[in-house]
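The values are calculated or read from the model by the stated rules, or taken from the named source; none is laboratory data. The shown structure was predicted, so the numbers you read here are calculated from the model rather than taken from an experiment. Please note: Cβ atoms are built from the backbone with ideal geometry, for glycine as well, and neighbour counts cover all protein chains shown. These accessible areas exclude ligands, DNA and RNA; they are computed on the full protein's heavy atoms, side chains included. Shrake-Rupley method; radii C 1.70, N 1.55, O 1.52, S 1.80 Å.
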Amino acid sequence: MTTADYAILPEAFADLAPLAARWSRPTENERNALRFAARAPDFAAFHDAMAPRLDALLAYLAQCPAEPVETPQRNALMLACAYAEAAPHHELYAGNSEVPFSFDARRFVPDHGDEAL
Amino acid sequence: MPMPQTAASLDHIRRTIPQIREELGTGPVSVNAIRDPAIYALEQERIFKKVWLKVATAWELPDAGDYKVKELPVADTSILIVRGKDGRIRAFHNVCTHRGNKVVPNKGFETYGRARAGVVTCRFHGWVFGTDGPLKSVPMEDAFGQLDKGCLGLREIACDEWEGFVFINFDPAPAQTLAAYLGDFGTLFGGYPYRESTTAFRYSTVLKCNWKVALYAFSEGYHVPTIHAGSLPGFRGIEHSDFKLIGPHASSTIFGAGMDTAPSTQTFAGVLHGSDNHGPRPDLLPADINPARRGDFQFEIPNIFPNLLIHLASGCGYPGLSYFTHQFWPLDHGTTLWEGINYFRPARNAAERAAQMHVNALHRNAWLEDTATMEDTFTGIMSGAIDDMQLMDQEFLIRHAALTLDSYLAGAKQ
Ligand code: FES
Ligand SMILES: [Fe+2]
């Protein structure tokens, strides 16, 4: 899999392909690494493109199994999960890639960190 | 005739604030048990090697042969928790009776695996043990001259379950059964379908602080409007009340009128709130938790002595979150392994899964705000600048835990 493969989305969301290539990753550790490296304008751009589409994306995913096998479905889930992780950094943390006034997130170890969606 | 169990049966554990003040006092509480490194050896002997400790859940080990190895430096040992062919979960020292090697090698503080054919084999010389403990076979057995295999099974540790939470007790003859040790806590929290919430997100970190600093930081709601101003903005009407004292344990309720939920959070939350599987289910709460069934209930926060918190929310607090647990494992006087686990019911579609990821991320972020204080607090206490903590009503779980700790350290009969 290359990041271009993550951009293969269901037709209705094909316009989000560049965002998917930029943000979608199968594991929490990979999504976190992208998040730590992102800056306020990155979060803002992701938010501005996704916020108006989130309802539709979730409505689509509600028709998909929890563990999608088909590539476009799985990529749609990956994009939603990438946004799930990134959105608070625009909406709550003023574009900061870290949670402000927090413990070093790199020292938090998720058991599931390398499990792929 | 025995009285029927009713919602009123736990009234004796409830306390008003004046009663709490009367019973636990209002004065400053010494930080000595946190500061003095010599206390740690006493804690090991009189608490961690004597009382029941939660080490696993039954649903982590669903099938015969499933095991978990857990490193417990606080008891100077590694333990093997394994489901036998008979379906029972047992705990053993992960120590080979030949010469002491680990029977199941492990990486990190927790390792999972599955024993094949109901046995585990020590890699050093190949001694084979049943998952129920007995020594089954020894390579070149004749060459030992004499070997009483019947006495050389894995060294078993007392192990019992409450609501699918697996507890062990290192005392070879525990003073109390698990049920007696939990006492009214078992009733207060009993009956909730914990085992249905098998989707778990576990985070851990090693903190440079005494374990009680971490425990205490997660034991009160006083900090929410300040520490969590970032992740829980505009938290309104927070109320920490409905205090209960339960022997060495205690509990209380967090109510909250709401917060300034971010727009995306509202959208993700809608997926979970709209589902009868994940939405708020106050009806599933045990009868004595939020007995008035107040709509602003967030979660019940207990302290199960010595090192376990089970926050029971039933979807009423963080969207879709069934409950979450914290544990604080001392590694030495000034080092603690913290474990936080979020439990959800399994997602039935991909939208629910994404929404759970969002809620999990938000809650993890709040935990990052909580843990930010711990090493600084410990450094402050170790500086010697303060001898006491000043505790307000909502910090009564801390006051109670500190008093309980003192009584165990003093060797009081429990
Ligand atoms: S130490 Fe285990 S077989 Fe020798
Ligand atoms: Fe907190």
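Full extension of the chain between B:C151 and B:F124 gives 7.7 nm of extra length, using 0.36 nm per residue less the Cα-Cα distance.
Computed with a 1.4 Å probe over protein heavy atoms only, the accessible surface of chain B comes to 39 Å² per residue. Based on Cα contacts under 8 Å between residues 6+ apart, region A:3-103 shows a relative contact order of 37 percent. Counting only cysteine Cβ atoms and a cutoff under 4.7 Å, chain B contains unmatched residues B:C151, B:C159, B:C209, B:C316. Its convex hull of Cα atoms gives region A:3-103 a direction-averaged projected area, equal to a quarter of the hull surface, of 6.3 nm².
Taking the 1.4 Å solvent-accessible surface of region B:53-173 as the whole, the part contributed by carbon and sulfur is 49%. To the nearest 10, the accessible area of B:Y222 is 120 Å² with a 1.4 Å probe. Estimate the FRET efficiency between A:E30 and B:S407 by the formula 1/(1 + (r/R0)^6), using the beta-carbon distance for r and 45 Å for R0, to the nearest 0.05. Result of the calculation: an efficiency of 0.40. Chain A packed on chain B takes about 3100 Å² of accessible surface away from a 1.4 Å probe, both sides summed.
On the full set of protein chains, 1.4 Å probe, figure out the accessible area of A:D48 and give it in Å² to the nearest 10. Accessible area, nearest 10 Å²: 100 Å².
In region B:201-215, burial by the other protein chains removes 20 Å² or more of accessible area from B:F201, B:R202, B:Y203, B:S204, B:T205, compared with the chain on its own (1.4 Å probe, ligands and nucleic acids ignored).
Looking at the square roots a ≥ b ≥ c of the eigenvalues of the Cα gyration tensor of the protein assembly as shown, which shape do they give, rounded for a/c under 1.5, prolate if a/b is larger than b/c, or oblate?
oblate
Its Cα centre serving as origin, the protein assembly as shown has a Cβ charge dipole (Lys and Arg +1, Asp and Glu -1) of approximately 1020 debye. Using every pair of separate Cα atoms, the Kirkwood estimate puts the hydrodynamic radius of chain B at 22.8 angstrom.
At a threshold of 50 Å², the residues of region A:55-72 that become less accessible to a 1.4 Å probe in the full protein assembly than in their chain on its own are A:L58, A:A66.
FRET efficiency for the A:H112 to B:R195 pair, using the beta carbon distance and R₀ = 25 Å, is estimated at 0.80.
Pop out the carbon and sulfur fraction of the accessible area of region B:300-412 as a percent, whole number, probe 1.4 Å.
Summing carbon and sulfur atoms, their accessible area is 54 percent of the total for region B:300-412.
Computed from backbone phi with θ = phi - 60° and the Karplus coefficients 6.51, -1.76 and 1.60, the 3J(HN,Hα) list for region B:62-79 is x, 10, 3, x, 5, 9, 9, 9, 10, 7, 10, x, 5, 10, 6, 8, 10, 10 Hz; x is used for glycine and proline. Measuring nothing but how far apart in sequence close Cα pairs (under 8 Å, 6+ apart) lie, relative to its length, region B:196-254 scores a relative contact order of 20 percent. Whenever you get a sec, compute what percent of the accessible area on region A:3-103 sits on carbon and sulfur atoms (1.4 Å probe). Solvent-exposed carbon and sulfur of region A:3-103 make up 57 percent of the total. For a test of the definition: using alpha carbon positions, the gyration tensor, and the 1.5 limit on a/c, classify region B:42-90 as rounded, prolate or oblate. It comes out prolate by the Cα gyration axes. Based on Cα contacts under 8 Å between residues 6+ apart, region B:53-173 shows a relative contact order of 28 percent. With helices defined as uninterrupted DSSP H runs, which ones in chain B have an alpha carbon span along their own long axis of at least 24 Å and mean Kyte-Doolittle hydropathy of at least -1.0? Helices meeting the criterion: B:350-371.
Ranked from largest to smallest solvent-accessible area, with a 1.4 Å probe on the protein heavy atoms, B:C96, B:C151 come out as B:C151, B:C96. Average 1/r across all pairs of distinct alpha carbons in region B:131-201, invert it, and you get the Kirkwood radius: 15.8 Å. For B:K50, the accessible surface of its heavy atoms amounts to roughly 100 Å² (probe 1.4 Å, protein chains only, rounded to the nearest 10). Working from label points 7 Å from Cα in the Cα-to-Cβ sense, the B:S137 to B:S30 distance is 5.9 nm. Can you list the residues of region A:79-93 whose accessible area drops by at least 50 Å² going from the chain on its own to the full set of protein chains, with a 1.4 Å probe? Those are A:A84, A:E91, A:L92, A:Y93, which lose 50 Å² or more relative to the chain on its own.
Looking at chain A, the accessible area is 44 square angstrom per residue; that uses a 1.4 Å probe and ignores ligands, DNA and RNA. Note that region B:238-363 shows a convex hull volume over its alpha carbon atoms of 126 Å³ per residue.
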